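Participant: Below are the structure tokens for one structure; questions will follow.
The values are calculated or read from the model by the stated rules, or taken from the named source; none is laboratory data. None of the values given here were measured: they were computed from a predicted structure. FYI the Cβ positions are ideal-geometry reconstructions off the backbone, even for glycines, and counts take in every protein chain you see. For the accessible areas, the whole protein counts, side chains as well, though only heavy atoms, and no ligand, DNA or RNA atoms are used. Shrake-Rupley method; radii C 1.70, N 1.55, O 1.52, S 1.80 Å.
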Amino acid sequence: MEELQRDSVEDFKNKQKNPLVLVLDNVRSLHNVGSTFRTADAFAVEKIYLCGITGTPPNKEIHKTALGATESVEWVHVESTLEAVTALKAEGYSVWAVEQAQDSTMLTNFSPAKDGKYAFVFGNEVFGVEEEVIAAADGVLEIPQFGTKHSLNISVTVGVVVWDVLSKLLIKQA
């Protein structure tokens with residue numbers, strides 16, 4: 001760990017996190033959940049909300065892709081995604097659904113405020129983000145795509161969005 005200059009779990013838990021929260025809205029795949037934990041750890045995300053049917057640790061399948069990140073990243077299970085979104089907005093987070101929808105903002109055009117706090121909602125693999133959650137969100141982000149498949153795996157989507165937003169925030173802070 002020292003040679004790789006990586007934090008211990010305890011050090012990670014005590015360090016300042018980036019002002020990003022991830023919300024998984026009824027995600028079925030436990031591998032996607034585990035991968036989200038790893039991405040959240042890699043980018044020092046504040047917290048993950050696991051909503052509805054989304055699986056929770058401890059779980060062998062989540063652990064397989066999380067590789068221990070369930071121990072470092074703070075998480076909570078909330079029965080209703082809409083409830084989680086409402087609570088996050090009350091705490092001052094700007095909440096964005098990540099979905100292909102009418103009037104969405106392309107991720108390339110999204111410009112986060114350097115002092116903002118953001119929550120991003122990622123939906124079910126088949127049905128996407130619930131309509132009521134989209135309606136409650138502050139906006140909808142869409143990742144531009146250029147191929148024949150107009151969808152990405154949730155684990156890939158989480159990585160793309162978190163890196164894009166965080167890189168924009170880091171540039172603004174420099």
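Participant: What's the total number of residues in the range 59-68 that are part of a helix (DSSP H, G or I), touching a residue at least 24 places away in the same chain (Cβ under 8 Å) and out of contact with any His (no Cβ under 9 Å at 6 or more places or on another chain)?
Facilitator: Here is the first cut: in the range 59-68, the ones part of a helix (DSSP H, G or I) are 60-66.
From what's left, touching a residue at least 24 places away in the same chain (Cβ under 8 Å): 61-66.
Narrowing the set further to residues that are out of contact with any His (no Cβ under 9 Å at 6 or more places or on another chain) leaves 63, 66.
Within the range 59-68, residues that are part of a helix (DSSP H, G or I), touching a residue at least 24 places away in the same chain (Cβ under 8 Å) and out of contact with any His (no Cβ under 9 Å at 6 or more places or on another chain) number 2.
Participant: Still on this structure: If you go through the range 93-104, how many residues are in contact (Cβ under 8 Å) with a residue 24 or more places away in the chain and either among the basic types (K, R) or loosely packed, with under 10 Cβ neighbours inside 10 Å (or both)?
Facilitator: Step one: filter the range 93-104 for residues in contact (Cβ under 8 Å) with a residue 24 or more places away in the chain, giving 93-101, 103-104.
Checking the rest, the ones that are also either among the basic types (K, R) or loosely packed, with under 10 Cβ neighbours inside 10 Å (or both) come to 103.
The number of residues fulfilling the criteria is 1.
Participant: What number of residues within the range 80-90 satisfy the criterion of being under 13 Å from V21 (Cβ atoms), in contact (Cβ under 8 Å) with a residue 24 or more places away in the chain and either open to solvent by 80 Å² or more (accessible area, probe 1.4 Å) or not polar (S, T, N, Q) (or both)?
Facilitator: 4
Participant: Need the failing condition index for T56 against (1) touching a residue at least 40 places away in the same chain (Cβ under 8 Å); (2) within 17 Å of the chain's Cα centre (by Cα), just the number.
Facilitator: With respect to (1) touching a residue at least 40 places away in the same chain (Cβ under 8 Å); (2) within 17 Å of the chain's Cα centre (by Cα), T56 is out only on (1).
Participant: Within the range 14-28, track down each residue that is touching a residue at least 40 places away in the same chain (Cβ under 8 Å) and either of a type in the set (D, E) or not in a strand (DSSP E or B) (or both).
Facilitator: Going through the range 14-28, the residues touching a residue at least 40 places away in the same chain (Cβ under 8 Å) turn out to be 18-28.
Selection gives D25, N26, V27, R28.
Participant: Okay, next question. So how many residues does the range 122-174 have that are assigned to a strand (DSSP E or B), within 13 Å of P112 (Cα to Cα) and either among the small types (G, A, S) or open to solvent by 80 Å² or more (accessible area, probe 1.4 Å) (or both)?
Facilitator: Matching residues across the range 122-174 total 1.
Participant: While we're looking at this one, here's another question. Please verify whether H77 is open to solvent by 50 Å² or more (accessible area, probe 1.4 Å) and in a strand (DSSP E or B), treating the condition exactly as stated. If you could, list the steps in order and put the result at the bottom.
Facilitator: Values: open to solvent by 50 Å² or more (accessible area, probe 1.4 Å): yes; in a strand (DSSP E or B): yes.
It is true that H77 is open to solvent by 50 Å² or more (accessible area, probe 1.4 Å) and in a strand (DSSP E or B).
Participant: In the set K17, K13, K114, which member is touching a helix residue (DSSP H, G or I) at 6+ places or on another chain (Cβ under 6 Å) and modelled with pLDDT under 95? Write out each step before concluding.
Facilitator: Working: K17 fails: touching a helix residue (DSSP H, G or I) at 6+ places or on another chain (Cβ under 6 Å); K13 fails: touching a helix residue (DSSP H, G or I) at 6+ places or on another chain (Cβ under 6 Å).
Being touching a helix residue (DSSP H, G or I) at 6+ places or on another chain (Cβ under 6 Å) and modelled with pLDDT under 95 holds for just one of K17, K13, K114, which is K114.
Participant: Just give me the residues in the range 105-121 being over 19 Å from R28 (Cβ atoms), surrounded by 18 or more Cβ atoms within 10 Å (Cβ to Cβ) and out of contact with any Lys or Arg (no Cβ under 6 Å at 6 or more places or on another chain), in sequence order.
Facilitator: Those that are over 19 Å from R28 (Cβ atoms), surrounded by 18 or more Cβ atoms within 10 Å (Cβ to Cβ) and out of contact with any Lys or Arg (no Cβ under 6 Å at 6 or more places or on another chain): L107, Y118, A119.
Participant: If I ask for residues that are in contact with a Gly (Cβ under 8 Å, 6 or more places away or on another chain) and open to solvent by less than 40 Å² (accessible area, probe 1.4 Å), which ones from the range 48-68 would you list?
Facilitator: I62, T65, A66
Participant: Checking the condition open to solvent by 50 Å² or more (accessible area, probe 1.4 Å), of a type in the set (D, E) and assigned to a loop (DSSP other than H, G, I, E, B), which residue from D41, D11, D7 passes?
Facilitator: Numbers: D41 fails: assigned to a loop (DSSP other than H, G, I, E, B); D11 fails: assigned to a loop (DSSP other than H, G, I, E, B).
Of D41, D11, D7, the one residue that is open to solvent by 50 Å² or more (accessible area, probe 1.4 Å), of a type in the set (D, E) and assigned to a loop (DSSP other than H, G, I, E, B) is D7.
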